[in-house]
Amino acid sequence: MCLLGGGRMKSLFYRLIIFLDTASEDDTNYNIAWYMAHNFQKVSTMGISQLAKECYVSPATISRFCRTLGYENYAHLKQECHSFSSDSKKFNNLIQVPFDMMKNNPKEATQFYAQQICQDINALSNKLDWKTIDQVLKLIHNSENVAFFGTQFSHSAALHFQTDLLMLEKFTMAYMEIERQLECAKKLDEDAVAIIISLNGNYALGSTKIVQYLKKSKAKIVFLTGRKDVDLGIDVHHTILVGDNNSRKTAKHALLTAVELMSLRYYSLYYPDLKNKIVDKL
């Protein structure tokens, strides 16, 4: 099973953080990532030779690093840096809470945001198609090669699902780095299950090579999303909708709830004999 997910500018932050958290400081690419993390606005106006000079590497090394992060080339990465430097609402766009409300009355802002989250979670009873979910859980149970593909919060939800499944003696894969997701996609075959989690549906835009290999593999594709109108460019066998276009800012909470419900459903269907062995998680 594989997991896919994504965003645009936030995706660049996510990929850099993952790289800096997992790479050795002796790695040449670590210095490039460190420089970029401290100089987004500078990089947005730099040519590849100038960045290479600042990082004491060759332009070819910069190009390879860009591909390591999942970008086609330096121009692609630079474009995302530019979108950051020109966006005056870098953070306020992420949630539907008025900036002035949060600044002047954080308690009111908390209530305002919590109400949105509760509305989305309450709507799950009408959105979740349990017939489809049961078919997906059956695929997970019967396949020996299951992988999750995704980034940012989608990947966090995948890790949560992966952990629950492992507690129920079902091993799956959910690689964090884009490069490892790509290698995973290359190894899948028609008997595998690839689960793409992308609330906004943008994963395919930033991970075209992975999607191409998933198509080539002929693996069964499952898509968890918060949007109805997404075309991944490949045949999707099952789609699980956890939100809609009006709830994209809060759909991540509905996604996590859906994953927890799916874990419990898997447990109830396939491991009722383990009921007395499973302890409540804190």
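Results, tabulated for the structure shown:
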quantity: In nm, spacing of pseudo-spin labels at LEU269 and ASN73 (7 Å Cα→C-beta vector); calculated: 4.6
quantity: Cross-link pairs LYS215/LYS252; LYS138/LYS218; LYS127/LYS220 - those with Cα-Cα distance over 20 Å; calculated: LYS215/LYS252; LYS127/LYS220
quantity: Sequence-distant residues sharing a close amide H with THR239 (under 5 Å, placed H); calculated: PHE223
quantity: Separation in nanometres of the label points that stand 7 Å from Cα toward Cβ, at GLU169 and ASP27; calculated: 3.6
quantity: Within the accessible area of the chain (1.4 Å probe), percent carbon and sulfur; calculated: 51
quantity: Lys, Arg +1 and Asp, Glu -1 on Cβ, resulting dipole of the chain about Cα centre, debye, nearest 20; calculated: 460
quantity: Mean projected area (nm²) of the alpha-carbon convex hull when the chain is viewed from all directions; calculated: 16.6
quantity: Check: the stretch 127-282 dipole with +1 on Lys, Arg Cβ and -1 on Asp, Glu Cβ, in debye; calculated: 260
quantity: Rough spin-label spacing in nm, given labels placed 7 Å along Cα→Cβ, for LEU20 and ASN122; calculated: 4.1
quantity: For the stretch 182-235, size of Cβ-based charge dipole, Lys and Arg +1, Asp and Glu -1, in debye; calculated: 100
quantity: Residue-normalised accessible area of the chain, given per residue in Å² at a 1.4 Å probe; calculated: 54
quantity: With Cα atoms, 0 to 90° folded angle of helix 59-68 axis to the chain main axis; calculated: 10
quantity: Cα-based helix-to-principal-axis angle, 178-187 vs the chain, degrees rounded to 10; calculated: 50
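The values are calculated or read from the model by the stated rules, or taken from the named source; none is laboratory data. For clarity, every value in this text was computed on a predicted model and none was experimentally measured. Every residue, glycine among them, receives a Cβ derived from its backbone with ideal geometry; neighbour counts consider all protein chains shown. The area values use the complete protein model at the heavy-atom level, side chains included, leaving out ligands, DNA and RNA. Shrake-Rupley method; radii C 1.70, N 1.55, O 1.52, S 1.80 Å.
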